[in-house]
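No lab work stands behind these numbers, since they all come straight from the coordinates. All of these numbers come straight from a predicted model, not from anything done at the bench.
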Amino acid sequence: MINSEYYLSSQVVARKWNLPYLNKEDGYVGMLRFDRTYCKRAILRSIGQNDIAVTVGDRTRENYRVEAQYFERPADGSTKKEAAVVQFRRSGYVEGEFLSRGKDRFFVSMHGIDEHSNPIEGVTSEDIHQ
């Protein structure tokens, strides 16, 4: 993984949960949630405003597409429940994808962690929910 103060990446494993209608040939809609418990508010807002771009991909990016990035602030005003949500779509299987025993492995990267996200001096991978 390549990580710097401006770019973070992580490998994610999506489990199949033994659903009979979901196999490697099928597409699905996935959600990534970044909670206030693990992320600074500046990071969450920047994700929601698309100042920090989130990409999802495998060995190629042709079968993954980020559809939405959103910052959620609960109606009750609780800052502990704030989160950024990223919705992505995986189309059907593409030759060479990382799949193993009913699990889809893919990569999530974030870039644009710079002037859009100040003040976040000293941001590390621990500041981002992985």
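Length gain on complete extension for the stretch Lys103 to Glu67, per 0.36 nm per residue less the alpha carbon to alpha carbon distance?
10.8 nm
Could you work out the per residue convex hull volume over the alpha carbons of the range 53-94, in cubic angstrom?
Value for the range 53-94: 86 Å³ per residue.
Can you give me the convex hull volume of the Cα atoms of the range 7-117, divided per residue and expressed in Å³?
About 114 Å³ per residue, rounded to a whole number.
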